[in-house]
Amino acid sequence: MRWFSVGVEPVGFIAIGAMPTGVIALGQGATGVIAVGQLARGVVAVGQLSVGVLALGQIAAGAIWAGGQLAVGGSSGFAQLPLGLLGYWLPWRRGSFRLKPSRRVWTAALRGVVLAGVVVLVAWVAIAPLVDALTRPGGVFVPLPGLR
């Protein structure tokens, strides 16, 4: 197992570089359990464009939580354009806008479809490449045969 790696495409427990992959990844196109970079993807992703289970960035898509200027997720934190799909949108919560009962079902169905799409996006874009990078030969936890 590589504990620390630095370079253009580093792979390690802690990876720092242009396209890092690891448990903790810091760099431009970071992929990791904790990913920090311009294009961050992983479980906890922080960056300008972030995709993850928990995402924070200018444009963020998170399966459970997202925060940033444009945030789409199961719930959203601070954002200019929040879209918390499990909760209510901000104007509804204040009580300034009420839906008719017939529209509540359609709104809930639309939220469910969009949330399912976000979860599939996170699984396909962030989690699947991360699991592959962590478990493949030559990845973070599985060294290449002959190398120790």
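Here, each number is a calculation from the coordinates, and none is a lab measurement. Computed from a predicted structure; not experimentally measured. Cβ coordinates were reconstructed from backbone atoms using ideal geometry, including for glycine residues, and neighbour counts include every protein chain displayed.
Say R0 is 22 Å: what FRET efficiency, to the nearest 0.05, do residue 48 and residue 120 get from their beta-carbon distance? Can you show the working numbers first?
Values: r = 22 Å, r/R0 = 1.02.
Taking R0 as 22 Å, the efficiency between residue 48 and residue 120 is 0.45.
For residue 131 and residue 28, compute 0.36 nm times the residue count separating them, minus their Cα-Cα distance, and round to one decimal in nm.
So the chain would gain 35.1 nm between residue 131 and residue 28.
If packing is taken as the average number of other Cβ atoms within 10 Å across a peptide's residues, how do 130-141, 109-120, 62-73 rank, most packed first?
62-73, 130-141, 109-120
Distance in nm between label sites at residue 69 and residue 113, each 7 Å beyond Cα in the beta-carbon direction?
Here the answer is 2.9 nm between the modelled labels.
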